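S.K.: I have a structure here, written as structure tokens, and I will follow up with some questions on it.
Read-outs throughout are calculated quantities, based only on the coordinates presented, and are distinct from any laboratory measurement. This structure is a prediction, so every number in the text was calculated from the model and none was measured. Methodologically, a virtual Cβ is constructed for each residue, glycine included, from the backbone with ideal geometry; neighbour enumeration extends over all protein chains shown.
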Amino acid sequence: MKYYAKPLSKLIAELSKLPGIGGKTAQRLAFHILSLPDAEARALADSITQAKSSMHYCSVCGNLTDTDPCSVCSDTARDRHLRRGKPP
Ligand SMILES: [Zn+2]
């Protein structure tokens, strides 16, 4: 294994934890990220942080959502329709 400075090694290690990402791909992604303009790299990091903090599972249906209940479950017209049990 090549020696990389600690911040780069950490980035490669974190990327390689992602599903389907092996060591070589993690290295390629890390070098790509380092070549990005600062704003693009920050947008990538921020999107991960924001999605992680705002997305969760709907307490009613279990879908991923940023509201609880999700937009489908909080749709009152849809709710009434479902309670009557009639097909669309
Ligand atoms: Zn829902």
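S.K.: In the chain, if the dipole is taken from +1 on Lys/Arg beta carbons and -1 on Asp/Glu beta carbons about the Cα centre, which of Pro69, His32, Leu18 is farthest to the positive end?
M.R.: Of the options given, the answer is Leu18.
S.K.: Translational diffusion coefficient, Stokes-Einstein: compute it for the chain using the Kirkwood radius over C-alpha pairs as Rh, at 10 °C and 1.306 mPa s, and state it as an integer in µm² s⁻¹.
M.R.: The diffusion coefficient I find is 97 µm²/s.
S.K.: Determine which lysines satisfy two conditions relative to Lys52: a Cα distance under 21 Å, and not lying fewer than 8 residues away in the same chain.
M.R.: Cα-Cα hits under 21 Å: Lys10, Lys17.
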